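A.B. asks: The structure follows.
Derivation of every value follows stated rules applied to the coordinates shown; laboratory data play no part. What you see is a predicted model, and the numbers here were worked out from it, not measured in a lab. Heads up, the Cβs are rebuilt from the backbone with ideal geometry, glycines too, and the neighbour counts pull from every protein chain shown.
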Amino acid sequence: MSRAPVTAELPYRLCAGVVLLNGVGLVFAGRRIDMPGVWQMPQGGIDEGETPREAALRELEEEVGTARADVLDETPGWLTYDLPPELVGTALRGRYRGQKQKWFAMRFLGRDEEIDISGVRHPEFDDWAWMRVPEVLEQIVPFKRDVYRRVFDAFGRLLA
């Protein structure tokens, strides 16, 4: 009989996230295919040998379908969140207690028509929108809200 993983025994997954901003400081958010009604900013794991910045740029292209962005800033340190107890052992392939994230603010340099969330290899979003910070915070899953607030605090001068 196997036992459920104990949260404290599990590591954090290293992750890079992107706050993609349009020309007026609105934030890109995508609606997750696998979680109806839940929106989030692009993010994903950091591959072995990859820097957080490289991972953020790769995730942008893999999830948003564009690499047309300039990096403006990054969070000064790593931010962590823990999964709620009911998701430990199932979410993040059951191998992690949560994520340890480095976030990057990027300015989108293209046109909205160049964003192609359905043309990527493994689509994660089925819709997207430019949103103000309060709207993003309202749409994110509750266990990620604190991290998102800290990210937005770090990049406050860039936001609408």
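A.B. asks: Counting Lys +1, Arg +1, Asp -1, Glu -1, what net charge surrounds residue 25 among other residues with beta carbon under 12 Å of its beta carbon?
C.D. replies: Here the count lands on +3.
A.B. asks: Considering only DSSP beta bridges with both partners in the chain, what is the antiparallel share in %, to the nearest 5?
C.D. replies: Numbers: 21 of 31 bridges.
The antiparallel proportion sits near 70 percent.
A.B. asks: Moving on. So which residue, out of 75, 66, 51, gets the largest mean-square fluctuation from a GNM of the chain using Cα contacts under 10 Å as springs?
C.D. replies: For the chain, modelled as a Gaussian network with Cα springs under 10 Å, the answer is 51.
A.B. asks: Taking square-rooted eigenvalues a ≥ b ≥ c of the alpha carbon gyration tensor, is segment 7-158 rounded, prolate or oblate, where a/c under 1.5 means rounded and, failing that, a/b exceeding b/c means prolate?
C.D. replies: Rounded.
A.B. asks: Sticking with this one: Assign unit charges at the C-beta atoms only (+1 for Lys and Arg, -1 for Asp and Glu), then state the dipole size of the chain relative to its Cα centre in Debye, rounded to the nearest 20. List each step's numbers first, then the result.
C.D. replies: Details: 21 positive and 26 negative charges, 110 e Å.
Dipole about the Cα centre, nearest 20: 520 debye.
A.B. asks: Which one of 142, 36, 52 has the biggest mean-square fluctuation once the chain is modelled by GNM with Cα springs under 10 Å?
C.D. replies: Highest fluctuation of the listed residues: 36.
A.B. asks: For Cα pairs less than 8 Å apart in space and 6+ apart in sequence, what is the mean separation divided by the residue count of the chain, i.e. the relative contact order in percent? Let's see the in-between values first.
C.D. replies: Working: 308 pairs, mean separation 54.2, N = 160.
Answer for the chain is 34 percent.
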